[in-house]
Amino acid sequence: MTRKLIFNVLAIISTLGILCWMVTDFYGGMAIYFFSYAPLILTTLICYIISLIETISSVIKNGIRNSKIKLYFHSILLITIVLFNVLQSDLFKSKRILTATLKDDLFYYTLVFKENGTVDNEISGIFGFQETIKGKYKIVGETIIFSKVPYDNDFIPERLLIDKTQNAIFMIQDKNGNFTKKKEWLNYFEIH
């Protein structure tokens, strides 16, 4: 095998490995998979860095024409990183009208209410865990009523109360259906 072929193969394999690792961000978080498959991911990262350095030096010494394959694959990774960040931003989403976060000992639950009547529950946990659950809502007075609750069990009720004086969204109701307006652990979302 020639040196050029070896570095072309290294660029292809390491770039594909990084792309696969990036996709894991949609399935719970890259950090979780890093800790699960650390030797494989570290090897891929080291190979990618070596390949990138070799590609840059090859382009400087020999020009772009002799490094096309490596440049294509490194460019694909850079373009993918930019696209992932643009897609995960609010650039193409409905405008936020209210954002509030509930913090417990393992997770942050951030409710993002949007103009179009949708709500995202962005759940962030330890080791980079991420999950987004979508829902639908409407606001009647100071009450948020979900037509689709943004959670997969009854942790978030169908009705929440917005209290702007306390900068909170309360979720616990007493037997009479009145909201408890005292800030206690796990009974409110803090409005930002």
Answer yes or no as to whether Tyr137 is at pLDDT 90 or above, on the phi < 0 side of the Ramachandran plot and not in a loop (DSSP other than H, G, I, E, B).
yes
Pairing a residue in the range 48-75 that is crowded, with 16+ Cβ neighbours inside 10 Å with any residue that is at pLDDT below 95 and basic (Lys, Arg), where Cβ atoms lie under 8 Å and the two sit 6 or more apart in sequence or on different chains, gives Ser51/Lys70; Glu54/Lys70; Thr55/Lys70; Ser58/Lys70
Of everything in the range 1-37 that's of a type in the set (S, T, N, Q) and surrounded by 14 or more Cβ atoms within 10 Å (Cβ to Cβ), which residue is farthest from Ile76 (Cα to Cα)?
Thr24
Mind listing whichever residues of the range 13-35 are modelled with pLDDT under 80 and closer than 9 Å to Gly128 by Cβ?
Asp25, Gly28, Gly29, Met30, Ala31, Ile32
Looking only at the range 158-181, filter to residues that are touching an Asp or Glu at 6+ places or on another chain (Cβ under 9 Å) and in a strand (DSSP E or B); which one of those is surrounded by the most Cβ atoms within 10 Å (Cβ to Cβ)?
Ile169
Filtering the range 109-141 down to residues that are exposed (fewer than 13 other Cβ atoms within 10 Å of the Cβ) and either of a type outside the set (A, V, I, L, M) or within 23 Å of Lys164 (Cβ to Cβ) (or both) yields Glu115, Asn116, Lys134, Lys138, Val140, Gly141
Scan the range 118-131 and tell me whether some residue there is more than 30 Å from Tyr37 (Cα to Cα), not aliphatic (A, V, I, L, M) and not in a strand (DSSP E or B).
no
Answer yes or no: is there a residue in the range 144-157 that is open to solvent by less than 70 Å² (accessible area, probe 1.4 Å), part of a helix (DSSP H, G or I) and free of Cβ contacts under 8 Å to residues at least 24 places away in the same chain.
no
Within the range 102-143, the residues that are aromatic (Phe, Trp, Tyr) and without any contact (Cβ under 8 Å) to a residue 60 or more places away in the chain are Phe107, Tyr108, Phe113, Tyr137
Looking at the range 87-98, is at least one residue part of a helix (DSSP H, G or I) and open to solvent by less than 40 Å² (accessible area, probe 1.4 Å)?
no
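The values are calculated or read from the model by the stated rules, or taken from the named source; none is laboratory data. For clarity, every value in this text was computed on a predicted model and none was experimentally measured. All Cβ positions, glycine included, derive from the backbone under ideal geometry; neighbour counts span all protein chains shown. SASA here: full protein model, heavy atoms, side chains in, ligands and nucleic acids out. Shrake-Rupley method; radii C 1.70, N 1.55, O 1.52, S 1.80 Å.
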